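Chemist: Sharing a structure with you now.
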Amino acid sequence: MHQRLGTIFGMPRLSYCRPSLPDHEHQILSLLSRNPSRHLSLQIHSKLVTSGYHWNDHKRTIIWNSLLRVYSQGGYPDEALKLYNQALQTSPSFLPTDTFTLSFLLKACANSHRPILGRQFHGNVVKLGLGFHVYVETALVNMYSVCGCLDEAMRVFDEMPERNLVTWNVMITGLVKVGELDIALSLFNEMPRRNVISWTGIIDGFTRANRPKEAIALFHKMMAVDRLEPNEITVLTILPAVWNLGNLDMCQFFQGYCEKTGFVASDIRVINALIDAYAKCGSMKNALRLFEEIIANRKNLVTWTSIISGFAMHGMAKDALHWFQEMEKQGLSPNHVTFLSVLSACSHGGLVKEGLGFFSKMVNVYQIKPGIKHYGCMIDMLGRAGMLEEAEKMALDMPVEMMDVVIWRTLLGACSFHGDVGMGERIMRRILESERDYGADYILMSNIFVGVGRFGHAEKVRGLMDEKNVPKMKALSLLDWRSKNTC
DNA sequence: GTAGGGTTAG
């Protein structure tokens, strides 16, 4: 039997296993809890399969569930699901499906974004009569909301006979993620008890809704009313609200707070967010000071990209490129975000030759496929420099499915600036074909005609604009925009 | 056992 299972699970052969793996179940469990790695899990699984038939069902179930836990929580959700599925097909009698098993499997579905499989496990939950179980039901609510099935998440939540703090938090963060702030807020006010995760979730909601003042007010309230201390995630959540308001003093307050609490010492994400916040509040001096205080081996790609993008957004192209070089010297490989910052720096600094070089390096050396933002940067850069032919060529070289009217608009702006009527007309035609007219395009085109003295044509374009009743301004509020993009 | 945003153009 063990040989059969060995092939079923695709486990490594015994010869691959370290001989040091203990014999007893409790030793194996304590080893797994101390070192929850994928490698060790595979080893233990092999052991379970080869000698586990000596163990009683209870012990075997605990080890099986522990393996599923490590897989589903440790970033290997597919391993967990594969394992379960193979066992189900070949040896269903072996397969435990208790509340623990289902919680971990649902977690794996959430982490691998598989609502269809998750729905099947929901069926199992009902069949096994576990619909009353708080942990399992909470895992269901979480799975549905992580997978974007909010209606189903709310249905499960509504019908739960019993909820705990985690259930409420799962539901609130799920609502916040899809922009349902009002419902989230009413649940937040209704819930019997709140912890720092509940507060962080609702603060996040206000930040996402572009209501930074209320986010910060809630942050104070969390400490004053519920006497709760913010943690690392709270800081990561509140910083975008801080830089939205451009509040440099508050950035400094948070840096101090994070140094005092040890977050700066323990969590590089917090430092990265602080660097970014300083940059966005306009203080590259503070951003750079913090950046240079970190020892080299703690800096990761996001740290480097944050400082590069900071210089890029302040038009300090030379500094951006300098830190990019330093980063490469450290042996780190830039990703698509790093390149976007570098290209944007080149575009703003008029460094056309360098920009073209980086674009080619991105594609050829680092094998990164350019996205629409990279193309946008390049077209903007070439257009600003008056290299309109090259800019148009790059736009035409873009994959069609990526094409966006904004790209044409960027190009039209460049035509206007450099007075290229012929290309301007060509681009305008493309914009009209896209049937997404904005007044600004007509005005740009009309300005191009005015610039070369073709007043009659300019008048015609303006007339066309009235005729088609083109909105002169984008009459779309941020809220409309957000709800359009979250559906 | 079930819970939480690090960097992204014009």
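Chemist: Looking at the stretch A:228-250 only, could you name the residues that are charged (D, E, K, R) and in contact (Cβ under 8 Å) with a residue 12 or more places away in the chain? Spell out the reasoning first.
Modeler: Initially, the stretch A:228-250 is screened for residues charged (D, E, K, R), giving A:229, A:232, A:249.
Selection gives A:229, A:232.
Chemist: Only helices (runs of 4 or more DSSP H) wholly contained in the stretch A:90-184 count here; list those with 1 or more residues that are farther than 30 Å from residue A:211 by Cβ and basic (Lys, Arg). Can you show your working first?
Modeler: Values: elements: A:99-111, A:115-127, A:134-146, A:150-159, A:165-177.
In the stretch A:90-184, A:99-111, A:115-127 are the helices (runs of 4 or more DSSP H) which contain 1 or more residues that are farther than 30 Å from residue A:211 by Cβ and basic (Lys, Arg).
Chemist: What number of residues within the stretch A:359-401 are of a type in the set (Phe, Trp, Tyr) and open to solvent by 30 Å² or more (accessible area, probe 1.4 Å)? Explain how you work it out, then say what you get.
Modeler: Residues of the stretch A:359-401 that are of a type in the set (Phe, Trp, Tyr), as a first pass: A:359, A:366, A:375.
Those left that are additionally open to solvent by 30 Å² or more (accessible area, probe 1.4 Å): A:366.
Residues flagged as of a type in the set (Phe, Trp, Tyr) and open to solvent by 30 Å² or more (accessible area, probe 1.4 Å) within the stretch A:359-401 amount to 1.
Chemist: Quick check: is even one residue across the stretch A:157-168 open to solvent by less than 80 Å² (accessible area, probe 1.4 Å), within 20 Å of residue A:73 (Cβ to Cβ), in contact with a Pro (Cβ under 9 Å, 6 or more places away or on another chain) and within 12 Å of DNA strand B (Cβ to nearest atom)?
Modeler: yes
Chemist: Okay, next question. Name, by its number, the condition in (1) farther than 27 Å from residue A:330 by Cα; (2) within 13 Å of DNA strand B (Cβ to nearest atom); (3) out of contact with any Phe, Trp or Tyr (no Cβ under 8 Å at 6 or more places or on another chain) that does not hold for residue A:256.
Modeler: Of the numbered conditions (1) farther than 27 Å from residue A:330 by Cα; (2) within 13 Å of DNA strand B (Cβ to nearest atom); (3) out of contact with any Phe, Trp or Tyr (no Cβ under 8 Å at 6 or more places or on another chain), the odd one out for residue A:256 is (2).
Chemist: Take residues that are polar (S, T, N, Q) and modelled with pLDDT of 80 or more and tell me which of the helices (runs of 4 or more DSSP H) falling wholly in the stretch A:387-487 contain 3 or more.
Modeler: none
Chemist: Another question, then. What number of residues within the stretch A:301-324 satisfy the criterion of being open to solvent by 50 Å² or more (accessible area, probe 1.4 Å) and within 12 Å of DNA strand B (Cβ to nearest atom)? Quick ask: steps written out before the conclusion?
Modeler: Step one: list which residues in the stretch A:301-324 are open to solvent by 50 Å² or more (accessible area, probe 1.4 Å), which gives A:302, A:313-314, A:316, A:318-319, A:322.
Going one step further and asking which of them are within 12 Å of DNA strand B (Cβ to nearest atom), we end up with A:302, A:313-314.
Result for the stretch A:301-324: 3.
Chemist: Search the stretch A:331-357 for residues being assigned to a helix (DSSP H, G or I) and within 20 Å of the chain's Cα centre (by Cα), and hand back the single one that is farthest from DNA strand B (Cβ to nearest atom).
Modeler: The initial filter retains those residues of the stretch A:331-357 that are assigned to a helix (DSSP H, G or I), namely A:336-349, A:352-357.
Those left that are additionally within 20 Å of the chain's Cα centre (by Cα): A:336-341.
Values: A:336: 6, A:337: 4, A:338: 6, A:339: 9, A:340: 5, A:341: 6 Å.
So, considering only residues that are assigned to a helix (DSSP H, G or I) and within 20 Å of the chain's Cα centre (by Cα), the one farthest from DNA strand B (Cβ to nearest atom) is A:339.
Chemist: Could you check residue A:382 against (1) under 22 Å from the mean Cα position of the chain (by Cα); (2) over 19 Å from residue A:305 (Cα atoms) and say which number it fails?
Modeler: So the condition that residue A:382 fails would be (1).
Chemist: Further, regarding this structure: So is residue A:263 open to solvent by 60 Å² or more (accessible area, probe 1.4 Å), over 21 Å from residue A:153 (Cβ atoms), out of contact with any Ser or Thr (no Cβ under 9 Å at 6 or more places or on another chain) and not polar (S, T, N, Q) or not?
Modeler: So residue A:263 fails the test.
Chemist: Which of (1) surrounded by fewer than 18 Cβ atoms within 10 Å (Cβ to Cβ); (2) away from DNA strand B (no atom under 14 Å from the Cβ) does residue A:428 not meet, given it meets every other one?
Modeler: (1)
The values are calculated or read from the model by the stated rules, or taken from the named source; none is laboratory data. The structure displayed is predicted, hence computed values, not measured ones. Please note: Cβ atoms are built from the backbone with ideal geometry, for glycine as well, and neighbour counts cover all protein chains shown. The area values use the complete protein model at the heavy-atom level, side chains included, leaving out ligands, DNA and RNA. Shrake-Rupley method; radii C 1.70, N 1.55, O 1.52, S 1.80 Å.
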